[in-house]
Amino acid sequence: MAGSGPTALERFINGIIPENPVYRQLLGMCPTLAVTNGMKPALTMAGATAFVLICANVITSLIRNALKPHLRILVFTLTIATFVTIADRFLQAFMPAMSKVLGPYVPLIIVNCIIIARCEVCASKQAVGTALADALGCAIGFALGLSSIATVREILGTGCWMGMRILPEGWDNWGIMVLPPGAFLTLGLLLGLAEWFGAARKKAGRS
Amino acid sequence: MDHLVDILLIAVGAAFINNFVLHYFVGICPFIGVSRRVDQAFGMGLAVTFVVTIASFLAWVFTWFVTRPGAPVTAWVWHLFSPGSDAVLDLSILNYIIYIFVIASSVQFVEMYLKKFFPALFKAFGVYLPLITTNCAILFACLEIMKHVSGVRNPAEMWGLDQALTLAVFGGLGFALAITTMAGIREELDLCDIPEPLKGPGITLLTAGIMAMAFMGFTGVDRGLAAFLR
Amino acid sequence: MTEETGKTQGLLAQAWLILLLAGLFGSSLAAVEIVLGPKIRENKRNETFGQVPRLVPGGSARKSREVVLGGIRAIRVLSEEGKHLGWVLPASGQGFADKIELLVGLDRRAGKITGLYVLDQKETPGLGDYIKDEGRFRKYFRGQPAAEPLRVVKRKPRPGSGEIKAITGATISSTSVCRIVNDAVREFRAALEKRAAGEEKE
C-alpha cells in the first residue's frame, strides 16, 4: 500500500470490530480470561490498558523518527513498562479494592501483545494523530471484547451484572462460570460465534 | 524438614494446583499457537521452563538485593552518600522495568546459546523463540516472587532463592505439561469433524476449559500433603 | 564494512535516545512515588485498621496501634479517648483451596471473641467463599468465649457455646477458619499471660 498507510479514521474504526484485538487478532488473551469474571474488573482492566495503549502509542509516534530498527523493541518495552507502573500505582492509590481483585494482571499489561503490536504496526510509522486514533479504536475494541465475555460470565455465574441483580433470586448460580474453566469455555464459544457471524456476512456479501 | 515440605508444596502448587495456564491464564498465546504437534509443544514447554528459571533467578537477585525496602546493596550505596541517615529506601517502583529487561535478556541469552549449540533446534523454533519475551508466564513468575519478597513484611516469610527457583522450574514444567497434553489432544482432534467456526482457537479453548476442570480436581492436594507430612 | 560502521553509529545514536527516555521516565516514576506513595501506604494500613471499629465495638482506627507481643503482631485497640478496649489479631492458615487471611477481634483480656473479618481468601465461589459473609458464617464468632477452642457443628448452635455452624457444602473451609482462629487465639492468650506474669519477651 503506497503512501503513509491507513488514515486516522480508518485506524480508529478498524480497531473496534473489523480488527478487534480479542476476537479477530486473538491478542491479549491473558487478561481476557483472567479478569472477566465480573463487569467491574473487566472495565477497570480495559481502562488501564487503554491508558497504557494511548500513552505508549503517542510517545512512540513522537520519537518515531529517532528510532533505529535494532533497539526499537527495547524502547517500546521501556515506555510500556513505565506507563504500566504508573497505572498500577494509580489503581493502588485510588481504587485499592479493585487493585487487589485485579492483582498481578495489571503489571501483565506490559506483555499484552496488543500494545507492542500497535506500537510496531502503527505508532512507529505514522503521525501522532493517527497513532492516537489507532490506540483509541483498539482500546474500545478491547473493552468491547472484555465486556462481552464478562457479561456472559457474570450473569450466568452470579445472576448480577455490574453488581446489580438481573436474574431472579431462584436462579442457581453456574459457579463454574466465575472459575477458570468458565473463562475458557465462554471465550471458546464466543469466538466460534464471532467466526460464524463473520463467515455468514462474507457469504451474504458474495451472493 | 519443614522447609523441605514447604518447597514440595510450592512445587506441587505451581505445577498442578495453580497451573500457570489452566489456573492463572498466563502463557495462553503459545498455548493456543504452538500446540498443534506434540514435539513442537514439548520443545516450547522446555524452552519456556529454561527461560523462566533464568529470568526468575535474576529477578529474585535484583528484588532481594536492590529493590525491596531495606535492600542491602541500595542501603550500602545510600550510606556512601549520606552516612548518618537511617532512611529505609524502597525502590520497588522500578520492579516492573527491571523484570521486563531481565526477561528480554534471558531470552536473548537462550537464543544465543541455542544458536551456538543446538542450531537445528534454533531453526525449528523460528520466530517463536523471541516471542517468549511476551509470554505472560515468565513475567508472572517474576511477579509471584516479587509478591513473596517485597510484599511480605515479616522477613522470616520472605522467599529465599530456593523457593523462588522452585516456583519457576515447576511452574514452567506445569506449563510444559499443559501445552504437551493439549498438543496430544489436538493431534487427535485433527481426525475429527469439528464445526467450521470452532476450528483452531475455538476448539482449543473449549478443550482447555475441560482440562481446567480436570485440574480443578487437584484443589486441596497441597493441604492433604501438608497434613500428611507434618 | 559500511554496515559495521553504520551499525556502530546507529547504536551510538540510539544511546542518547535511551538515556533521555530513561531519565524522563525515571523522573516521572519518582514523581509518582512521591505523590502516590503516602496514599498507597495509607490504603494498606486501612485494610486492617479500617476494620477495627467493626471488630471491637467503640474502637478507633486512628488511635489504635500495632504492637508485637511475644513475637506476635497484633493491634492494640483504643477508643477515641485512649481507653484500651481490646485487640485485633491477624491470623492466617491453609484453607480448602489456598491461604486464608483473617482478622480476629478480642476483648481486653482476650477472653471473648468480638468479631471476625476475612481479609483474603481463594475458596470456591458460591460455597467456601461464604466464609466472608456476615449473615451466613461470621456472625457465629461474635461473643464466643476464647478460652476453649471453637468447634464446627452442622446443626444450629447455641449462642456463646463455642459452636460455629458450618456452611452447607463447605465444611472444610468452615473448619479451616475455625482452626486458624483457634490456633491464633491460643498463641496470643499464651503470650498475654506470659507478659502478665512479668516475663520479658522482646
From the cross-link list B:Lys147/C:Lys63; A:Lys40/C:Lys156; A:Lys40/B:Lys147; A:Lys100/C:Lys194; C:Lys39/C:Lys122; C:Lys63/C:Lys112, which pairs have alpha carbons spaced over 32 Å apart?
A:Lys40/C:Lys156; A:Lys100/C:Lys194
So what are the ³J(HN,Hα) numbers for the stretch B:165-171, from phi and the Karplus equation (6.51, -1.76, 1.60; θ = phi - 60°), rounded to whole Hz, Gly and Pro as x?
5, 4, 4, 5, 5, 6, x
Peptide-level mean, for C:81-93, of C-beta atoms on other protein chains within 10 Å:
0
At most 16 other Cβ within 10 Å, DSSP loop - GluC sites (Glu not before Pro), the stretch A:102-174
A:Glu169
Percent antiparallel among DSSP beta bridges confined to the stretch C:51-201, rounded to 5, stands at 90
Quick one: compute a quarter of the convex hull surface over the Cα atoms of the protein assembly as shown and quote it in nm².
35.5
Can you pull the one-decimal nm distance between simple spin-label points at C:Glu66 and C:Leu119, each 7 Å off the Cα toward Cβ?
0.8
Go through B:181-188, C:50-57 and give me the packing order, highest mean Cβ count within 10 Å leading.
C:50-57, B:181-188
If I model a spin label at C:Ala197 and A:His70 as a point 7 Å from the Cα along the Cα→Cβ vector, what separation in nanometres do I get?
7.2
Against the empirical 2.2 N^0.38 Å scaling, what ratio does the C-alpha Rg of chain C come to?
1.51
Once you put a point 7 Å from the Cα of B:Ala156 and another 7 Å from the Cα of C:Glu187, both along the Cβ direction, what distance in nm separates them?
0.7
Going by how many other beta carbons lie within 10 Å of each one, how would you line up A:Cys113, A:Cys119, A:Cys30, fewest first?
A:Cys113, A:Cys30, A:Cys119
The helix A:39-62 Cα axis meets the longest alpha-carbon principal axis of chain A at an angle in degrees, between 0 and 90 and rounded to 10, of 0
How much length, in nm to one decimal, is gained on full extension between B:Asp39 and B:Phe228, taken as 0.36 nm per residue of separation minus their Cα-Cα distance?
64.3 nm
Taking Cα atoms only, helix B:2-12 is inclined relative to the longest principal axis of chain B by an angle, in degrees rounded to 10, of 40
Distance from the Cα centre of the stretch A:28-101 to that of the stretch B:4-54, in angstrom?
25
Please give every one of the lysines within straight-line cross-link reach of B:Lys199, meaning a C-alpha to C-alpha distance under 23 Å, and leave out same-chain neighbours fewer than 8 residues apart.
A:Lys202, A:Lys203
Averaging sequence separations of C-alpha pairs under 8 Å and six or more residues apart, then dividing by the length of chain B, give the relative contact order as a whole percent.
41
With the cut-off at 1.5 for a/c, could you classify the stretch A:8-151 from its C-alpha gyration tensor as rounded, prolate or oblate?
oblate
Rank-order B:202-215, C:179-192 by packing density, defined as the average count of other C-beta atoms within 10 Å over each peptide's residues, highest first.
B:202-215, C:179-192
Hey, what did chain A get for relative contact order, percent, Cα under 8 Å, at least 6 apart?
35
By how many degrees, 0 to 90 and rounded to 10, does the Cα axis of helix A:180-206 deviate from the longest principal axis of chain A?
60
How big is the gap, in Å, between the Cα center of the stretch B:82-133 and the Cα center of the stretch B:151-230?
24
Compute a Gaussian network model of chain B, connecting alpha carbons closer than 10 Å, and tell me which residue from B:Cys29, B:Cys136, B:Cys192 fluctuates the most.
B:Cys192
Inter-chain shielding of C:31-39 (mean C-beta neighbours from other protein chains, 10 Å cut-off):
4
Scaled by the rule-of-thumb 2.2 N^0.38 Å, the alpha carbon Rg for the stretch B:10-111 gives a ratio of 1.43
Which length gain, in nm to one decimal place, applies between C:Lys99 and C:Val35 when the Cα-Cα distance is subtracted from 0.36 nm times their residue separation?
19.8 nm
Neighbouring partner chain Cβ atoms per residue of C:123-129, average, 10 Å criterion
4
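Read-outs: derived from the displayed coordinates by stated rules, not from any lab. Everything quoted here is computed from the prediction, not taken from an experiment. Here Cβ is always computed from backbone atoms with ideal geometry, including for glycine, and neighbour counts include all displayed protein chains.
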